[in-house]
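Written out below as C-alpha cells is the structure these notes cover.
Read-outs throughout are calculated quantities, based only on the coordinates presented, and are distinct from any laboratory measurement. Quick caveat, the model's predicted, so the values are computed rather than measured. As a convention, Cβ positions derive from the backbone with ideal geometry for all residues, glycine included, and neighbour counts pool all protein chains shown.
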Amino acid sequence: MQKNEKKSGTNKAKSQGKTWFQGLKAEYGKIVWTDRQTLINQTIVVTVITIILGALISLMDAGILGVLNLLIR
C-alpha cells in the first residue's frame with residue numbers, strides 16, 4: 001500500500017507542476033505587447049526624465065554641500 005501511495009504522491013506533485021506550467025503558459029499568452037514605436041517612445045521619455053532628475057539631484061547636492069561648507073567655515 002505504501003508503495004502505491006508514494007507513487008501517487010509523486011505523480012500528484014508532477015501533475016501539480018504540470019498544471020502550474022500550463023497555467024503560466026496560458027497567462028503568458030494573454031499578455032498584450034506594445035508595438036515597437038510605442039516602446040521606443042516610452043524608452044526615450046524614461047531616459048530623458050532620468051537624465052533630468054539626475055542633473056537636478058546633482059545640482060541640489062552641490063548646492064547643499066556649498067551651503068554646508070560656508071556654515072562650517
Cα→Cβ-extended label distance, 7 Å offset, between Ile31 and Leu68, nm: 4.3
Using θ = phi - 60° and the Karplus form 6.51 cos²θ - 1.76 cosθ + 1.60, what ³J(HN,Hα) does each residue of the range 38-44 get, whole Hz, x for Gly and Pro? 5, 4, 5, 4, 5, 5, 4
